[in-house]
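Data first, discussion second: the structure below is written as structure tokens.
The values are calculated or read from the model by the stated rules, or taken from the named source; none is laboratory data. Given the structure is predicted, the values throughout are model-derived calculations rather than measurements. Cβ: placed from backbone, ideal geometry, glycine included. Neighbour counts: every protein chain shown.
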Amino acid sequence: MKLKKYDKKYDFSYTFGVSPTIELLLKKPEIVRLVLIHSDGEKSDGGRALKELCRKHSIKFEIASKAIDRISAKENTYAIGVFKKYRTSVVPNANHVLLMNPSNPGNLGTIIRSMVGFDFNDLAVIRPAVDAFDPKVVRASMGSVFDLKFEYFDSFDQYVKRFTGHNLYPFVLHGKNKLKDITFNKPFTLIFGKESSGLSSNFSNIGTSVYIPHSKNIDSLNLHVAASIGMYESLK
């Protein structure tokens with residue numbers, strides 16, 4: 001197959017880096033089409049591990065330094081996994097994280113990694129939003145995206161109509177309840193707004209609105225920081 005820089009219209013995507021590619025091979029070997037290994041990393045522990053996993057699962061691998069340098073968005077990329085995209089759906093009775101219109105690949109990937117770390121396995125995303133299979137998201141998640149069930153929705157209303165039994169906890173700058181005072185009733189959905197503006201004030205009247213206290217020295221917390229704090233506290 002002819003490999004080009006990633007475009008979301010493709011039916012395949014890439015893992016950039018040795019660690020995300022190893023995670024791909026460990027968790028979803030059935031979707032891997034090809035693994036490229038850079039000559040500079042071929043004899044490293046990671047390079048050897050990649051080749052062993054490819055042989056174990058009968059996956060083709062190539063030493064292809066020029067192709068990696070052409071496709072990769074960053075320097076020092078020593079491996080690329082080429083994988084077929086797939087669809088997943090969030091589980092109805094599980095606890096969900098819902099993101100409204102996330103636009104930053106790094107933030108989305110970091111949130112996904114935190115979700116897996118805190119044992120949240122279901123992510124709902126409201127469009128417009130960044131592509132979860134964007135290689136920048138995959139790399140920021142360090143391959144945790146392959147542990148996750150995620151689903152895109154055209155609107156918040158579409159999500160709410162489908163999951164009527166979920167208790168909603170929107171995190172709003174001027175929410176009505178301090179995070180430490182909340183008891184999270186399962187199944188629940190933690191709702192976070194986009195990076196630039198957060199959730200609109202309308203969300204203060206939806207479900208049980210929450211705010212995370214912080215000093216007056218900052219306007220707000222970064223999205224992935226707020227999401228990580230919210231996930232951690234919800235499991236106490």
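Looking at region 214-236 only, could you name the residues that are of a type outside the set (S, T, N, Q) and in a helix (DSSP H, G or I)?
Within region 214-236, 223, 224, 225, 226, 227, 229, 230, 231, 232, 233 meet the criteria.
Given the criterion surrounded by fewer than 21 Cβ atoms within 10 Å (Cβ to Cβ) and over 19 Å from residue 33 (Cα atoms), identify the matching residue among 107, 101.
Going through 107, 101 in turn, the sole match is 101.
Suppose we filter 26, 34 for residues that are closer than 26 Å to residue 121 by Cβ, surrounded by 13 or more Cβ atoms within 10 Å (Cβ to Cβ), among the hydrophobic types (A, V, I, L, M, F, W, C) and not assigned by TED's automatic domain parsing to the domain that holds residue 131; which single one remains?
So the residue among 26, 34 that is closer than 26 Å to residue 121 by Cβ, surrounded by 13 or more Cβ atoms within 10 Å (Cβ to Cβ), among the hydrophobic types (A, V, I, L, M, F, W, C) and not assigned by TED's automatic domain parsing to the domain that holds residue 131 is 26.
Right, residue 168: of a type outside the set (Ser, Thr, Tyr), more than 18 Å from residue 8 (Cβ to Cβ) and out of contact with any helix residue (DSSP H, G or I) (no Cβ under 9 Å at 6 or more places or on another chain) or not?
no
Read through the list (1) farther than 30 Å from residue 165 by Cα; (2) over 12 Å from the mean Cα position of the chain (by Cα); (3) among the acidic types (Asp, Glu), then give the number of the only condition that residue 119 fails.
Every condition holds for residue 119 apart from (1).
Would you say residue 154 is farther than 30 Å from residue 4 by Cβ, of a type in the set (Asp, Glu), at pLDDT 95 or above and in the same structural domain as residue 213 (by TED's automatic domain parsing)?
No, not satisfied.
Mind listing whichever residues of region 14-73 are over 19 Å from residue 138 (Cα atoms) and of a type in the set (S, T, N, Q)?
Matches in region 14-73: 39, 44, 58, 65.
Can you name every residue in region 36-75 that is in a loop (DSSP other than H, G, I, E, B) and touching a residue at least 40 places away in the same chain (Cβ under 8 Å)?
Hits for region 36-75 are 38, 72, 73, 74.
Which ones in region 1-35 are under 15 Å from residue 64 (Cα atoms), among the hydroxyl-bearing types (Ser, Thr, Tyr) and either part of a loop (DSSP other than H, G, I, E, B) or modelled with pLDDT under 95 (or both)?
Hits for region 1-35: nothing passes.
For region 176-199, enumerate the residues that are more than 19 Å from residue 161 (Cβ to Cβ) and polar (S, T, N, Q).
177, 183, 185, 196, 197
Tally time: how many residues in region 195-206 are under 12 Å from residue 171 (Cβ atoms) and either touching a residue at least 60 places away in the same chain (Cβ under 8 Å) or assigned to a helix (DSSP H, G or I) (or both)?
Going through region 195-206 one residue at a time, the tally reaches 3.
Scan the strands (runs of 3 or more DSSP E) fully inside region 78-166 and keep the ones with 1 or more residues being more than 27 Å from residue 26 (Cβ to Cβ).
Per the criteria, 96-100, 122-126, 149-153.
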